[in-house]
Amino acid sequence: MATEGGGKEMNEIKTQFTTREGLYKLLPNSEYSRPNRVPFNSQGSNPVRVSFVNLNDQSGNGDRLCFNVGRELYFYIYKGVRKAADLSKPIDKRIYKGTQPTCHDFNHLTATAESVSLLVGFSAGQVQLIDPIKKETSKLFNEESSCQHLWKDWNEERENEGSKTSEEALVTVQRLIDKSRVTCVRWVPGSESLFLVAHSSGNMYLYNVEHTCGTTAPHYQLLKQGESFAVHTCKSKSTRNPLLKWTVGEGALNEFAFSPDGKFLACVSQDGFLRVFNFDSVELHGTMKSYFGGLLCVCWSPDGKYIVTGGEDDLVTVWSFVDGRVIARGHGHKSWVSVVAFDPYTTSVEESDPMEFSGSDEDFQDLLHFGRDRANSTQSRLSKRNSTESRPVSVTYRFGSVGQDTQLCLWDLTEDILFPHQPLSRARTHTNVMNATSPPSGSTGNSVTTPGSSAPPPLPRSNSLPHSTVSNAGSKSSVADGAIASGVSKFATLSLHDRKDRHHEKDHKRNHSMGHISSKSSDKLNLVTKTKTDPAKTLGTPLCPRMEDVPLLEPLICKKIAHERLTVLIFLEDCVVTACQEGFVCTWGRPGKVPAECCSCSQEDGVRGALRDQD
């Protein structure tokens, strides 16, 4: 890992960094924020979040950007690396009274140049469905019948253009479904009407935009109960929202993420557990426990074989979906990890000696689906691997993380960790393995408990990961419970099957703590079953291996890129997008993707950044 100098240099904000594929540059002209560009006072505010959608219009400029800052919500045309941002012309701007936006998500299936469906979750528990293109509000979910939904519109004079700004007061005496803050909202993959909402109460709710929430509090009946979770249906004579209520673990449910195929749901909670469910059959597929504290973020690898989490232990943890176990941890952050994300566009495909790879062709089938818009060259090489047995290739995953320490870390995951038994004729140098021991092996495809107890073989001192050597083709299907799945499918409103397709040098900063996350709660929310479990008994088990039992990775790069805690990390085809709590959404051009005119605009900044960034 490239090291940074001490003293003042460590506190300087980096404007560029270099990886094996080249130089990434911050594009100052592509920065999005509030129109006045004044840093937002983030004390006591909810995290800044960013959502993207492509409208597929004929102009070739169909990308749209939504972000929240405090009680404000903005909707812009996103010009990326091509042109400078024009903050004076938001498509839509909304200011809320009595509550703040906390999260949002676009429906990519229904988005057109004339209309787009955007879900917005709020700190007071409501969920709003809006159309920022038509400047309409369709519905408000989780409200009482006496809820006042007031609009105040006025024309705000701007230079060369008048725009309409909406101020909306959401005043609710009592929310009928859940009173707690919305932590995550997502459209169900492949559905035009179903969406899932998580709350800080630890509950998740499945809604259908076509149904109402009713005028009275819902009554529930148990559908499925398991280890530390329960799923209820709404008991009503007529179909109403919510369709399902999930109760998961203890404490806040901080984030969830659907698998790339939409069949599985990964949830991370304040009790420190990752829980992975089969979404259709509501069966628990596997669990994992953080080293300590709550888990705050989660993401899937593009092929669905791995899950990465981050949280209050300052670590990123890689969990194998196939093997049901932790296969590596990464240490680079000095405070809580707030976002983790895989980069589907940076995949290293290398031809290698046939003896270097011990996996089967099935291990690579899902790699053909890496990202929706993969580069053709990468796809062709992956296809070549599937059709040419005599010249196998190795694949490197890339993922990133940002945290409350204001740092961006990038990680390379290579076959050194994923295939610890294979002989390697070359040493890779992108990410260091600090502990040269691998976790015990021998778990089955749907094992969620104990891997084998044989002594772990030594690992080569090298770098990172892709996926398990053995792929159990029946592992996912064996998880699904046909009886439960058919029971859920009785509810016509769900249509779930009709989708379209160290612990060393703890340096927590007071100014980087999040007010809505209590570190004290994590001490008492270590839950494995219905009864509370002593964390000391969890540590050292397959749920939470000891630090010396799994490889510990160092990041490829680790750079301070903001003054306030980072809350967003999104990988796009030609750039990387980050955002901090001050309300600045930054664009980092990928190597070779920045037009010449943009490079010349920031050439002076780039020279200064290169001098500071020399290692």
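So what is the relative contact order of region 14-140, in percent, for Cα pairs below 8 Å that sit 6 or more residues apart?
Answer for region 14-140 is 19 percent.
Tell me the label-point distance for the pair Leu539, Ser88, using the 7 Å Cα-to-Cβ offset, in nm and rounded to one decimal.
Taking the two extended label points, one gets 5.8 nm.
If each of Ser201 and Ser238 carries a label point 7 Å out from its Cα toward its Cβ, how far apart are those two points in nm?
2.4
Within 10 Å, count the other beta carbons around each residue, average over each peptide in 202-210, 332-340, 26-34, and list them highest first.
Peptide ranking by packing, descending: 332-340, 202-210, 26-34.
Over 28 Å between C-alpha atoms is what I'm after, so list which of Lys139/Lys235; Lys14/Lys83; Lys14/Lys93; Lys83/Lys559; Lys93/Lys179 land there.
Lys14/Lys93
Since every read-out is calculated from the coordinates, none of them should be taken as a lab result. Model, not experiment: these values are computed from the prediction. Methodologically, a virtual Cβ is constructed for each residue, glycine included, from the backbone with ideal geometry; neighbour enumeration extends over all protein chains shown.
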